[in-house]
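S.K.: There's a structure below that I have some questions on.
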Amino acid sequence: MPLPEQVVVHAAELRAEIERHNHAYYRLDAPTIPDAEYDRLFRELQGLEQQYPELLTADSPTQRVGAAPLKEFPPRRHGVPMLSLNNAFEPAEVEAFDQRVRDGLETIAAVDYAVEPKFDGLAISLTYENGLFTCGATRGDGATGEEVTPNLRTLRCIPLRLVGSGWPALIEIRGEVLIFKQAFADLNARQRERGDKEFANPRNAAAGSLRQLDSRITASRPLAFFAYGVGAGAESLPIKTHAELMDLLLSWGFPVAEERRVVQGSKGLLGYFAEIGAKRPSLPYDIDGVVYKVNRLAAQAQLGFVSRAPRFAIAHKFPAEEALTEVLGIDVQVGRTGAITPVARLKPVFVGGVTVTNATLHNEDEVRRKDVRIGDTVIVRRAGDVIPEVVAIVPEKRPMKPGKDLFDSEPVQAPFAMPTACPECGSAIEKGIDEAIARCTGGLYCPAQRKQALLHFAARRAMDIEGLGDKLVDQMVDAGLLHSPADLYGLTVETLAGLERMGDKSAQNLIAAIEKSKQTTLARFIFALGIRNVGEATARDLARHFGTLEALLAADAAALQQVPDVGPIVAASLAAFLGEAHNREIIERLQAAGVTWAEAAPAETGPRVFTGKTLVLTGTLPKLKRDEAKMLIEAAGGKVSGSVSKKTDFVVAGEEAGSKLEKAQELGVPVIDETELLKLLEKGIEE
């Protein structure tokens, strides 16, 4: 019976697409689709070839391990082929593997398996002759790889001479080259600093680094290596199990996985899979599954191989952390601090163990760099509890308008444009100088920032409203009692007493704390407003410079930059915040509610009492709290340090002063008490 034409055509399409992805993955080190999508295509082709054996040809991708070696490197034929592993994705497939093993060994007893993490890197083979490293090659197509010996010699974790004993005259060591997670993050940080392209993931970074024509580039990359097996020479080793082989490799000087062990039967396999899955986020390197191997080497030989994989081993893959889906829309979300984050609304896709419908695009610059548009097919990544993100688009799947020819067509959708007004409150969206993140300027008014603004306003170093914590703010905002900090001063004992876990006494204490907070300082009030880039020290400088709130509100960006240590970025944040009518309205309501402070004359020009001086506080002062003393010193131009050195000008010591006082006496640094500090603040330092 002839093959259905549509089956023949579809199989040809699958082969062509898989080969295209093989070329991108193995030769260019730049995959365009997630591993899970590649696995799906591969399994679909396998299924067709099993259903229609006439389709199977010797050049089918299902009969190959990887891709042909690059012409830039000398070919190196492996003494024993470097085969791939078949994959399992579900527990039932692992149980079926165990059953096939027991059937092949003709036993009903539980089989011992050596189990270890499946590294996500580049497979290599290292040849040692008489204990000396002589040649190293990539997997290539399984039979022949690319010789990259000079590059591998730059890896300090690969021994150039074997240690210990028991190694034969010739042996091939198999293992994986990879980059640890932190090293990868550091590498990409350096790429950004130099303005170079960032690497997509550690695996591609490792592969690209190893396949450099200049070994000095390889040497500059943080490559690591783990050994996991032996090719040629294995038959002469005095061992009986794979576990013994791993111990032997370790004794010869090779790094091997610490998480390896031996388990029994399918129950042991699945238990190990769950255990490593739980540890996966905390491991220092990426893994995409675990590997199961029959432990006894004689049993491995008895089970043998199929065309491209051993029968005695299998890779159990974790749920895909990357998947393909379509962008249905792009919205923006407003965070608790006003950060504006573009978010892709997605066609639902199962990735990382959950169904994902939204993914972060981080910021406007990232959207433009990745050129994500509505209608695009994108790679979405979700690892553990990490927020799903759009990794990249798949360019060939972008919807295009019809044109005269391929080069005349253009995308259906225009590039993403960040809105100019906050979707929550309508306030302006601003992006500071040299900042990647845009922010809503309606801090006190914006609903999305409400809880954060209230907690900051009530903080000890701001308005110091004791008893107003996270849970209580959540309750009051959710109940509609608080829309801005000004609403705090309209609360009553009766209103508060109706809240969960808030009795009359607690309500009375909170109302008393709110009432007490009305008497404050201008510096605390400015800090409490939560203006971006305005910390305590800047708030004190602003209060001292302008003297009154009215003068501050009337200042433009140029006037603001006349304040010491206020540059263009801080001035821009202040101008944006104070320029919002919503924020000014809330400031007026706070004043109308009775929030007040002693007015002060604007600061005179000239040095302050402690200008250029460094002081250290130690022990408990009689009257001043540590924060209050620090505020007074900084307001007088001084700096408060946490440690004593020869550069310290004064140590202010209170009761139970400890090692800092001893260090000051040892170095001859002047020691004063609170009374002397206050006198200096009043009279100035006599030179």
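S.K.: Take the alpha-carbon centre of the range 195-243, take the same for the range 418-456, and report the distance between them in whole Å.
M.R.: Spelled out, the Cα-based centre of one part sits 47 Å from the other.
S.K.: Report the per residue volume, in Å³, of the convex hull enclosing the C-alpha atoms of the range 112-152.
M.R.: 130 Å³
S.K.: To the nearest whole percent, what portion of all C-alpha pairs in the chain is separated by more than 33 angstrom?
M.R.: 64 percent
S.K.: Taking Cα pairs under 8 Å and at least six residues apart, what relative contact order does the range 76-317 come out at, in percent? Don't skip to the end; give the middle numbers.
M.R.: Details: 460 pairs, mean separation 77.8, N = 242.
Result for the range 76-317 is 32 percent.
S.K.: Calculate the length of the line joining the C-alpha centroid of the range 618-687 to that of the range 501-556, in whole Å.
M.R.: 26 Å
S.K.: If we restrict to alpha carbons, what Rg and Dmax does the range 376-519 come to, in Å?
M.R.: Just the Cα atoms of the range 376-519 yield Rg and Dmax of 23.8, 79 Å.
S.K.: For the range 76-317, with only Lys/Arg (+1) and Asp/Glu (-1) charged at the beta-carbon, what is the dipole magnitude about the Cα centre, in debye rounded to 20?
M.R.: Roughly 480 debye, rounded to the nearest 20.
S.K.: Then there's this: Around PHE350, which amide H atoms from residues at least 5 apart in sequence, or from another chain, sit under 5 Å from its own amide H, with H modelled in the peptide plane?
M.R.: Amide H neighbours of PHE350: VAL356.
S.K.: Name the residues whose placed amide hydrogens come within less than 5 Å of the amide hydrogen of LYS118, ignoring near sequence neighbours (fewer than 5 apart) on the same chain.
M.R.: Amide H to amide H, under 5 Å and 5 or more residues apart or across chains, LYS118 pairs with ASP288, GLY289, VAL290, VAL291.
S.K.: Pairing rule first: another cysteine's C-beta must sit under 4.7 Å. Under that rule, which cysteines of the chain stay single?
M.R.: CYS135, CYS157
S.K.: Taking the convex hull of the Cα atoms, report for the range 275-423 its projected area averaged over all directions, in nm².
M.R.: If you wrap the Cα atoms of the range 275-423 in a convex hull and average its projections, you get 14.2 nm².
S.K.: log10 I(q)/I(0), Debye, Cα-only the range 76-317, no solvent, q = 0.17 Å⁻¹?
M.R.: For the range 76-317 at q = 0.17 Å⁻¹, log10 I(q)/I(0) is -1.34.
S.K.: Rounded to the nearest 20 Debye, what is the dipole magnitude of the chain about its Cα centre when Lys and Arg each give +1 and Asp and Glu each give -1 at the C-beta?
M.R.: Numbers: 80 positive and 94 negative charges, 222 e Å.
So the dipole magnitude of the chain works out to roughly 1060 debye.
S.K.: Run a plain Debye calculation on the range 614-683 (Cα atoms as equal point scatterers, no solvent) and give log10 I(q)/I(0) at q = 0.13, 0.18, 0.22 Å⁻¹, rounded to two decimals, same order as the q list.
M.R.: -0.30, -0.59, -0.91
S.K.: Next question, about the same structure. Using Cα positions and a limit of under 17 Å, work out the aspartates and glutamates in reach of LYS679, with same-chain residues fewer than 8 apart set aside.
M.R.: Reachable aspartates and glutamates: GLU628, GLU634, ASP649, GLU687.
S.K.: With just the Cα atoms of the range 531-687, tell me how far they stretch along each of the three principal axes, in Å, largest first.
M.R.: Cα spread of the range 531-687 along its principal axes, largest to smallest: 56, 32, 27 Å.
S.K.: Relative contact order of the chain: what whole-number percent is it, with Cα pairs under 8 angstrom and at least 6 residues apart?
M.R.: Relative contact order comes out at 9 percent.
S.K.: Can you give me the angle between helix 536-546 and the longest principal axis of the chain, using Cα atoms only, in degrees from 0 to 90, rounded to the nearest 10?
M.R.: Tilt of helix 536-546: around 40 degrees.
S.K.: I've got another one for you. Quick check: the angle from helix 181-194's long axis to the longest principal axis of the chain, C-alpha only, nearest 10 degrees?
M.R.: Between helix and principal axis, roughly 70 degrees.
S.K.: Using only alpha carbon pairs under 8 Å that are at least six residues apart, calculate the relative contact order of the range 319-395 and give it in whole percent.
M.R.: Relative contact order, the range 319-395: 33 percent.
S.K.: So for the range 246-345, Kirkwood radius off the Cα pairs, Stokes-Einstein at 4 °C and 1.567 mPa s: how many µm² s⁻¹?
M.R.: Values: Rh = 17.8 Å.
The estimated diffusion coefficient comes to 73 µm²/s.
S.K.: Continuing with the same structure: Short version: what are the Cα gyration tensor semi-axes of the range 506-567, square root of 5 times each eigenvalue, largest first, in whole Å?
M.R.: So the equivalent ellipsoid measures 28, 11, 9 Å along its semi-axes.
S.K.: Would you kindly work out the equivalent ellipsoid of the range 70-138 from its C-alpha gyration tensor and give its semi-axes, the square roots of five times the eigenvalues, largest first in whole Å?
M.R.: 34, 16, 12
S.K.: Near the amide H of VAL148, under 5 Å away, which other amide H atoms are found, from residues 5 or more places off or on another chain, if H is placed in the peptide plane?
M.R.: Close amide H contacts, sequence-distant or interchain: GLY136, ALA137, THR138.
S.K.: Given only helices, namely DSSP H runs of n ≥ 4 each adding -39500 (n - 2.57), what is the per-residue ellipticity at 222 nm of the chain, to the nearest 500 deg cm²/dmol?
M.R.: -10000 deg cm²/dmol, from helical runs alone.
S.K.: Taking the convex hull of the alpha carbon atoms in the range 470-610, what volume per residue do you get, in Å³?
M.R.: Enclosed volume per residue, from the Cα hull, is 130 Å³.
S.K.: How long are the semi-axes of the equivalent ellipsoid of the range 348-390, defined as square roots of 5 times the Cα gyration tensor eigenvalues? Whole Å, largest first.
M.R.: Over the Cα atoms of the range 348-390, the ellipsoid semi-axes are 19, 12, 7 Å.
Read-outs throughout are calculated quantities, based only on the coordinates presented, and are distinct from any laboratory measurement. As the structure is a prediction and not an experimental result, all values here were calculated from the model. Counting neighbours? That spans all protein chains shown, and the Cβs are built from the backbone with ideal geometry, glycine included.
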